[in-house]
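Worksheet: the structure to be examined is printed underneath.
Read the figures in this text as sums done on the coordinates, not as results from a lab. It should be emphasised that the depicted structure is a prediction, and the values quoted were computed from it without experimental measurement. Backbone-built Cβ (ideal geometry, glycine too); neighbour counts: all protein chains shown.
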Amino acid sequence: MTTPAFPEGVKRCGNGQFILWLLPAFLVLLIAVYAMFRVWFYGLNQTNMNDAYGFAIWIWADLAVIALGGGAFFSGFLAYIIGVKNVKNIINFAVVLGVVCYTSALLILGLDVGQPLRGWFIFWHANIHSMLTEVAFCLTIYLGVLIVEFIPVILENPKIQKNRFFHHMAHNMHEIMAVFAATGVFLSFFHQGSLGGVPGVLYGRPFAFREGLFIWPWTFFLFTWSAAAVGPLFTATMCRLAEFITGKRLVKDDVYRLLAKISGWMLLTYIIAKSIDTIYWATVTAPARGFTLMDFYSNNPAYYGIWILIAEILICGFLPALILITQKGRENKKLLFGAAILAIIGLCINRWVMVLQVLAAPLKPFQEEWFVYSPAWTEVITTILPVAYGIILISLAYRFLPLFPQERELNP
Amino acid sequence: MFPFLYEWSWYLGQYLFMGAAGFAISVVGAGLTYCIVMSIIHTMQEDEHADH
């Protein structure tokens, strides 16, 4: 069906079908909101947090969605600052994904602090020596930037465009979008990096500690690089998923191939740097503190065996990178998106290792057992919340906003 | 966050951190203000043309 509220020249499903599609997501959202309020009303005793795991499973979800949302800042950098024109065909979708990821991240942080009413303390009583303060500042301001980048997309709805002020506003915002994009890149560089810096500076935890450059451990740069490499792949994969669900082509294949090529080279350079970092840590940093590499991958629950390192670096690092840098790999859609999914899994494993495996490793000489964690249902459902919320927001945005400039041409 | 708060210290690290944060907020704020002002001007100019 078409109505004046839909983007010009495109067809959308009927209202009934659209509501039916959203219903399961709304149900999950409802249960998640109930769990959220339980956590806020009764406190963090509603989770399985303990002395070893003071951040619950949320901290992993937080780091993962922030890294995957990195597609917004890196696509913005490519489109508006470097001037790669073809990326503009997917930039609106990247911004919507970024908004979903970053609002989810802040919501999860609001749960994780346990006292969201005191959330403003970190800004007002800022401890500027804390990497987490930098994360809080950059994350919050960057979400503001993302919302600013999202506004002109909303204003481009045909009904809103009839208002002349909003029409001019959308046009003027597009004119100076490079300024907002540059600010977003600056903020993203620091918050992605500082999230990596947090484990890297923990000199009391030899599994995480890394040396580095000035005040920044190597993990600072690795986190930023990995988010910039995998973020656009996540955007492309979600776009492909949207194509599968809607049964339409939304962007041309050359857009996917371009993103895959850029991400492939970024991923390859990242994974080489990550390998060097791991070898240096295993042969110099950890032995200097009395540990061998296998101390961190044995005598612990099966899920922290050496396989996790192999999976992260070889299977979900080098393998997708090598597929994506070859023309044959990029031209085969199944290979391209298979590699993209592997890279996304690799990024999620990296964030899991750098926060949850770090917390699982025994700290004191008399502790032999690794800490095992099983999250409470409230943690699990609120971790799934971003998925349900993402489905709702992306569906609404796809229905009413011109997210894909090539859609009309590809679906005559 | 502000010099009148207890935690504030007058040294380089504080200037860099708060300076960078303030700079980012100012750029976004100035950009948005520019867009709003220009949109008002453009809308008013269109109104004037319509009156003629």
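For a quick protection proxy, order the peptides A:318-329, A:194-205, A:11-22 by their average other-Cβ count within 10 Å, most packed first. Display every interim value, and only then the final one.
Details: A:318-329: 18.7, A:194-205: 21.1, A:11-22: 12.6.
In descending order of packing, they fall as A:194-205, A:318-329, A:11-22.
Beyond a 31 Å Cα-Cα separation, which of these cross-linked pairs lie in this structure: A:Lys274/A:Lys364; A:Lys85/A:Lys328; A:Lys88/A:Lys159; A:Lys162/A:Lys333; A:Lys252/A:Lys274; A:Lys88/A:Lys162? Display every interim value, and only then the final one.
Details: A:Lys274/A:Lys364 28 Å; A:Lys85/A:Lys328 23 Å; A:Lys88/A:Lys159 23 Å; A:Lys162/A:Lys333 40 Å; A:Lys252/A:Lys274 33 Å; A:Lys88/A:Lys162 24 Å.
Over 31 Å Cα-Cα: A:Lys162/A:Lys333; A:Lys252/A:Lys274.
In debye to the nearest 20, how big a dipole does chain A give about its Cα centre with +1 on each Lys and Arg Cβ and -1 on each Asp and Glu Cβ?
Numbers: 27 positive and 21 negative charges, 233 e Å.
Rounded to the nearest 20 debye, it is 1120 debye.
Partner chain Cβ atoms within 10 Å, averaged over the residues of A:120-133 - can you pull that number for me?
Details: counts 1, 0, 1, 2, 4, 5, 9, 1, 12, 3, 0, 0, 0, 2.
Taking all residues of A:120-133 together, the mean is 3.
Any chance you could give the angle, 0 to 90 degrees and rounded to 10, that helix A:131-155 forms with the longest Cα principal axis of chain A?
Computed tilt is about 10 degrees.
How do the peptides A:163-174, B:30-41, A:253-264, A:97-108 rank, highest first, by the average count of neighbouring beta carbon atoms within 10 Å per residue?
Values: A:163-174: 18.5, B:30-41: 15.6, A:253-264: 21.3, A:97-108: 23.8.
The most tightly packed comes first, giving A:97-108, A:253-264, A:163-174, B:30-41.
Under the definition of partner shielding as Cβ atoms of other protein chains within 10 Å of a residue Cβ, what is the mean value for peptide A:162-169?
Details: counts 0, 1, 7, 7, 2, 4, 10, 8.
Average per residue, whole number: 5.
How about the range B:1-51: which GluC sites (Glu not before Pro) there lie in a loop by DSSP and see at most 15 other Cβ atoms within 10 Å?
Numbers: sites: B:Glu7, B:Glu46, B:Glu48; in loops: B:Glu7.
Passing both the DSSP loop test and the Cβ count: B:Glu7.
Taking only Cα atoms, what is the 0 to 90° angle, nearest 10, from helix A:15-42's long axis to the longest principal axis of chain A?
Tilt of helix A:15-42: around 30 degrees.
Can you give me the angle between helix B:12-51 and the longest principal axis of chain B, using Cα atoms only, in degrees from 0 to 90, rounded to the nearest 10?
For B:12-51 against chain B, the angle is about 10 degrees.
Near A:Lys334, which aspartates and glutamates are there with a Cα under 20 Å away, not counting those fewer than 8 places off in the same chain?
Qualifying aspartates and glutamates at Cα under 20 Å: A:Glu243, A:Asp253, A:Asp254.
With an 8 Å Cα cut-off and a minimum separation of 6 or more residues, compute the relative contact order for the range A:15-410 in percent. Before the final figure, lay out the partial values.
On the way: 540 pairs, mean separation 105.8, N = 396.
For the range A:15-410, the relative contact order is 27 percent.
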